[in-house]
Every structure is written in C-alpha cells, then in structure tokens.
Amino acid sequence: MVSLAPFVLKRPWLTKMLTPAANWYANAAGYRQLGLRYDDLLEEESEAMQIALSRLSAKEAYERVYRIRRSVQCSTIHKLLPKDQWTKPEEDVPYLRNILAQVQDELAEKDALDSMTVIKKH
C-alpha cells in the first residue's frame, strides 16, 4: 500500500491545506460519534493483527474492548453517544498501527529466512 502521508508531512503548506479536509473526512466517517478511535476499525482476522493485539498493554486492550462494545450497543439501538462522549480529534491517535507494522516486518523477515535456500559450492 502506497501512502502519500510522508510526502504531505514534509511540506508544511500542504499539511496546512489538507488538514481541514482530513478532519472533515474523519468526522464524516462517523466512528468518532460512536466513541471509537481509528485503530479500533482495523481488521482483526490476520495473524499479524492477532499478534499485535496480544502485545497491547492490559489497560489499552481493556479500553479498546470497552470502546468496541459501547459502539456495538449504540449501533444496536440506532443512537449516537452524547456529544461530550465523542472521540475528540486529539484523542484519536494511533495506538496499534506502529505495533502492527513492527509485527508485519517481523513476519516478513521470518518468511524470508524460512524460505532461504543454501547452495553448497563444491
């Protein structure tokens, strides 16, 4: 997956120009109104994600499960949280993506080493 984020972040004028659009998009997505953070939306079914989730601190893992259960309850009753309980943009920081990237790198390295062939020279 190719990301334009490093390109944008290196240019302050571009960051300043795109920040309002990014904030609008995050608010329009609706997950903050359910009390979720962006990393709560990542797909859990992969091996890398399962390992990353197991590496979360006990407190962060509990908070994640609480946010997800609360959002499911809101979805079930077709209501949003009260506005004071919405996730604020400054609270919506990555807590899992860095761990996930590290796990993916470790698994890629493991696969590369497992598939290595040794050729003996005579």
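Some points to look at:
- Hits in the stretch 19-38 - residues which are farther than 27 Å from K79 by Cβ and either open to solvent by 70 Å² or more (accessible area, probe 1.4 Å) or among the hydroxyl-bearing types (S, T, Y) (or both): T19, P20
- Search result, residues across the stretch 1-55 that are in a helix (DSSP H, G or I) and among the charged types (D, E, K, R): K16, R32, D39, D40, E47
- Of all residues making up the stretch 47-59, the number that are among the polar types (S, T, N, Q) and open to solvent by 70 Å² or more (accessible area, probe 1.4 Å): 2
- Within the stretch 89-122, the set of residues being open to solvent by 80 Å² or more (accessible area, probe 1.4 Å) and either within 13 Å of the chain's Cα centre (by Cα) or closer than 24 Å to I68 by Cα (or both) comprises E90, E91, R97, N98, Q102, Q104.
- Scoring L14 on the criteria (1) open to solvent by 100 Å² or more (accessible area, probe 1.4 Å); (2) touching a helix residue (DSSP H, G or I) at 6+ places or on another chain (Cβ under 6 Å); (3) free of Cβ contacts under 8 Å to residues at least 12 places away in the same chain leaves a single failure, condition (1).
- Close pairs (9 angstrom Cβ cut-off, 6 or more residues apart or separate chains): in contact (Cβ under 8 Å) with a residue 12 or more places away in the chain and on the phi < 0 side of the Ramachandran plot in the stretch 53-71, open to solvent by less than 70 Å² (accessible area, probe 1.4 Å) and of a type in the set (G, A, S) anywhere: L53/A61; R67/G35; R70/G35; S71/G35
- Residues that are open to solvent by 60 Å² or more (accessible area, probe 1.4 Å) and among the polar types (S, T, N, Q) within the stretch 60-88 comprise Q73, S75, T76, Q85, listed in sequence order.
The values are calculated or read from the model by the stated rules, or taken from the named source; none is laboratory data. The structure presented is a predicted model; accordingly, all values stated were derived computationally and were not measured. Glycine gets a Cβ as well: all are built from the backbone with ideal geometry, and neighbour counts include every protein chain shown. Keep in mind that these areas ignore ligands, DNA and RNA; they rest on the heavy atoms of the full protein, side chains included. Shrake-Rupley method; radii C 1.70, N 1.55, O 1.52, S 1.80 Å.
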